[in-house]
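Following: one structure in structure tokens, then a few remarks.
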Amino acid sequence: MDYLIKNAGLGDILEKVQDGERLSFADGIRLFESPDLLAIGYLANMVRERKNGNNAYFIYNQHINYSNICTNLCKFCAFGKDSDSDLAYEMSVEDVRVKVRERLSEPITEIHMVGGIHPDLPYSYYTDVLKVIKEERPDVHIQAFTCVEIAHLAEISGLGSAGVLEDLKKAGLGSIPGGGAEVFSSRIRELTCEKKLSGSGWLEVAKTAHELDLHTNATMLYGHIESLEERVEHLDMLRRAQDETGGFLAFIPLAFHPKNTELSRLSRTSGVDDLKNIAVARCFLDNFPHIKAYWIMIGQKLSQIALSFGADDVDGTVKEEIITHMAGAETEQAMSRDQLLRLIREAGRIPIERDTLYNVINSY
Ligand code: V47
């Protein structure tokens, strides 16, 4: 295999990966540009194995999207709606309680909750929903509100993001999901999501969370109008932030789904590009412990293959996804634990059910 990698012109990158040496910006570009998928996958698999052995993680989680009303209305998003749209919805605090109650018989360990940037919900709504979830499920870990939502709460409360995060933590927040990062480049943000928090704003909120002992995840929405340079720049900014704080748990590349969005003229991502994003991220983000193949976006079959291309995590049961399905995802909206076990075992990995912070709940 080493010979094949040298033949692909990636011998110097192989040496760096073998020596645990950090890849440069130019290396990242070369990996994305290389047509030799197996060579890139081999490199990423070496890094994955070194970091996570033969383990592949999953979680028993539930998604709740409290509202799709959003003032940002990003061009790549099919979920966000104007408040006067027929498709707009908003859950009351009691509606969220009902959503949690519906699944009390299931062994859910994490509730993942995000929503749009709502123009009218009061600050107290956000602390109240956390409290209600904890009332119903005291032991659950709540991973909620992207850095973009936190920045919005900082604005409406006047408390600053540190003040907001302290409040939310007291109300039951356990960690922050990785959404809203999109592509940090200001060119991409101007063209696709001009009203959204800037890339540096997103990173500042994430670093503030880390300082307060709140872990966060990070994502990158790829496969629309971004260049390869902008992808590597995004990864580089994340790697620098992680050097500073060490607070990121996982990186999740998100495959763009065009249906029902303002970018619906674009095609869906290819399997090759999906695997490349996972593999290049695994090679480049040497300080991120985990790379997640989010099966909702790339499908169950490709997630299984991704476990040999750098990913060590497939997210989880999800129960149930709305954001990507509004944009045309054809995957199921949830998976059972048995399905996840089969997916991972067939890929030759050891299924590890984890909690949000990657503590082992069960090794199968
Ligand atoms: O923030 C929006 C993206 C994100 C589309 O932290 C789209 O573990 C594809 O962040 N096609 C929400 N993606 C999902 C997310 C996430 C998912 C799973 C796990 C974690 C984690 C985070 O989805 C949004 C946005 O970046 N998104 N529209 C679309 N059309």
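A few notes on this one:
- Helices (runs of 4 or more DSSP H) contained entirely in the range 1-116, each with at least 3 residues that are of a type in the set (Gly, Ala, Ser) and surrounded by 17 or more Cβ atoms within 10 Å (Cβ to Cβ): 37-52
- With respect to the stated conditions, Ile361 is β-branched (Val, Ile, Thr), assigned to a strand (DSSP E or B) and surrounded by fewer than 18 Cβ atoms within 10 Å (Cβ to Cβ).
- Among the residues making up the range 155-201, those that are closer than 15 Å to His234 by Cα, among the polar types (S, T, N, Q) and under 19 Å from the mean Cα position of the chain (by Cα) are Ser185, Ser198, Ser200.
- Taken over the range 260-285, the residue count meeting the criterion of being of a type in the set (D, E, K, R) and either open to solvent by 50 Å² or more (accessible area, probe 1.4 Å) or modelled with pLDDT under 95 (or both) is 3.
- When restricted to residues that are within 15 Å of the ligand (Cβ to nearest atom) and either within 18 Å of Met113 (Cβ to Cβ) or open to solvent by 10 Å² or more (accessible area, probe 1.4 Å) (or both), the range 301-326 contains 13.
- Only residues that are over 16 Å from Asp355 (Cβ atoms) and part of a loop (DSSP other than H, G, I, E, B) were counted across the range 117-147, and they come to 8.
- Taken over the range 117-148, the criterion of being more than 16 Å from the ligand (Cβ to nearest atom), in contact with a helix residue (DSSP H, G or I) (Cβ under 7 Å, 6 or more places away or on another chain), open to solvent by 10 Å² or more (accessible area, probe 1.4 Å) and closer than 17 Å to Cys70 by Cβ is satisfied by Tyr125 alone.
- Answer residue from the range 249-272, given it is touching a Leu at 6+ places or on another chain (Cβ under 9 Å) and either aliphatic (A, V, I, L, M) or touching a residue at least 60 places away in the same chain (Cβ under 8 Å) (or both) and is farthest from Asn72 (Cα to Cα) among those: Val272
- For the range 336-358, a residue qualifies if it is part of a loop (DSSP other than H, G, I, E, B) and either open to solvent by 40 Å² or more (accessible area, probe 1.4 Å) or within 29 Å of Asp213 (Cβ to Cβ) (or both), and the qualifying residues are Ser336, Gly348, Asp355, Thr356, Leu357, Tyr358.
The values are calculated or read from the model by the stated rules, or taken from the named source; none is laboratory data. Just so we're clear, the structure is a prediction, and the values are computed from it rather than from any experiment. Cβ atoms come from the backbone with ideal geometry, glycine included; neighbour counts cover every protein chain shown. Remember, those area values only see protein heavy atoms, side chains included, never the ligands or the DNA or RNA. Shrake-Rupley method; radii C 1.70, N 1.55, O 1.52, S 1.80 Å.
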